[in-house]
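Asker: I'd like to ask you about the structure that follows.
The values are calculated or read from the model by the stated rules, or taken from the named source; none is laboratory data. Note that the coordinates shown come from a computational prediction; the quantities given were computed from them, not determined experimentally. As a convention, Cβ positions derive from the backbone with ideal geometry for all residues, glycine included, and neighbour counts pool all protein chains shown.
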Amino acid sequence: MIITADAAEEIAQLGEMLHHGYLAHHAQTTVASHSDAASLAPEIEDHQIVSVGYVDKTEGKPIEYSFPHFLKLAQDDPRVKAYSEQVWLAGALITLGDALESVEYLDHAPILEMIYHLRNGVAHGNKFRFKASGIKRLEKFPAHNRDSYIKGADTKIFEISTALEGQPVLFDFMKAGDVAEHLLAVGFHAGQLMNRMLGKA
């Protein structure tokens with residue numbers, strides 16, 4: 001596949017959006033966990049005895065739920081908090097990985113190749129699993145963040161190797177902030193790639 005500026009731009013925008021989206025999610029959950037969060041609940045409707053939330057369905061009436069009950073669940077149940085984080089980050093990695101797959105991982109830079117292995121890990125039980133094809137790919141295309149444009153002096157260097165077999169991806173190999181930083185780094189790399197192709201770099 002010939003890399004195009006449009007393909008690079010698509011990844012650049014997606015990486016940035018997912019990074020921003022995670023931080024927005026974090027802001028939402030931080031507010032939800034505050035003791036005064038209940039004051040932000042919707043007004044109680046005439047036919048209800050508590051504030052009610054609504055979730056749309058394809059057909060029929062939306063799901064109705066007790067807003068105070070599930071807000072308290074979000075505040076007090078550590079499993080809900082943990083799964084909320086994992087589902088959001090796993091979804092982001094799968095979304096970005098699938099988008100990169102559609103453009104054949106652009107220039108296969110190590111920072112992009114990391115997404116390939118992270119995406120596969122979170123999609124298969126949140127653990128690294130290396131099949132023959134993945135091992136062969138890793139031999140051809142290294143996967144690390146050494147060349148990341150988005151890292152500070154205290155950013156850990158992550159490198160994918162078969163020694164990670166069976167290790168959990170999220171909250172073990174990488175924490176939430178590491179993943180968020182990497183999403184932005186992928187977007188920035190793709191943006192730089194686009195600019196070079198357009199003669200702007």
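Asker: Of everything in the stretch 143-174, what is under 21 Å from Phe130 (Cα atoms), assigned to a loop (DSSP other than H, G, I, E, B) and not aliphatic (A, V, I, L, M)? Give them in sequence order.
Answerer: Correct list: Asn145, Phe158, Ser161, Glu165, Gly166, Gln167, Phe171, Asp172, Phe173.
Conditions tested, residue by residue: (1) touching a Pro at 6+ places or on another chain (Cβ under 9 Å); (2) over 30 Å from Leu184 (Cα atoms).
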{"residue": "Met17", "(1), (2)": "no, no"}
{"residue": "Val31", "(1), (2)": "no, no"}
{"residue": "Ala37", "(1), (2)": "no, no"}
{"residue": "Pro42", "(1), (2)": "no, yes"}
{"residue": "Glu45", "(1), (2)": "no, yes"}
{"residue": "Val52", "(1), (2)": "yes, yes"}
{"residue": "Asp56", "(1), (2)": "yes, yes"}
{"residue": "Ile63", "(1), (2)": "no, yes"}
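Asker: What are the pairs, 6+ residues apart or on separate chains, where a residue within the stretch 127-156 that is closer than 13 Å to Asp178 by Cα has its Cβ under 9 Å from a residue that is among the small types (Gly, Ala, Ser)?
Answerer: Asn145/Ala185; Ser148/Ala185; Ile150/Ala185; Ile150/Gly187; Lys151/Ala185; Thr155/Ser148
Asker: Still on this structure, please answer the following. Which residues, counting only those in the stretch 65-84, are modelled with pLDDT of 95 or more and in contact with a Phe, Trp or Tyr (Cβ under 9 Å, 6 or more places away or on another chain)?
Answerer: Hit for the stretch 65-84 is Tyr65, nothing else.
Asker: Could I ask something else about it? If you take the residues in the stretch 126-177 that are within 20 Å of Leu23 (Cα to Cα) and among the aliphatic types (A, V, I, L, M), which one is surrounded by the fewest Cβ atoms within 10 Å (Cβ to Cβ)?
Answerer: Ala176
Asker: Condition (residue is modelled with pLDDT under 95 and either among the acidic types (Asp, Glu) or under 22 Å from Glu101 (Cα atoms) (or both)) applied to the stretch 153-176: is it met by at least one residue?
Answerer: yes
Asker: Can you pull out the residues in the stretch 64-122 that are among the charged types (D, E, K, R) and part of a loop (DSSP other than H, G, I, E, B)?
Answerer: Selection gives Asp77, Glu104, Asp107.
Asker: How many of the residues in the stretch 181-196 are buried (at least 16 other Cβ atoms within 10 Å of the Cβ) and over 14 Å from Leu112 (Cα atoms)?
Answerer: Here the count works out to 1.
Asker: What number of residues in the stretch 120-132 are under 15 Å from the mean Cα position of the chain (by Cα) and more than 14 Å from Gln86 (Cβ to Cβ)?
Answerer: 1
Asker: Now for a separate question. Return the residues of the stretch 1-40 that are aliphatic (A, V, I, L, M) and part of a loop (DSSP other than H, G, I, E, B); say none if nothing qualifies.
Answerer: Met1, Ile2, Ile3
Asker: Also: Looking at (1) loosely packed, with under 12 Cβ neighbours inside 10 Å; (2) in a helix (DSSP H, G or I), which is the only condition Glu43 fails?
Answerer: Unmet condition: (2).
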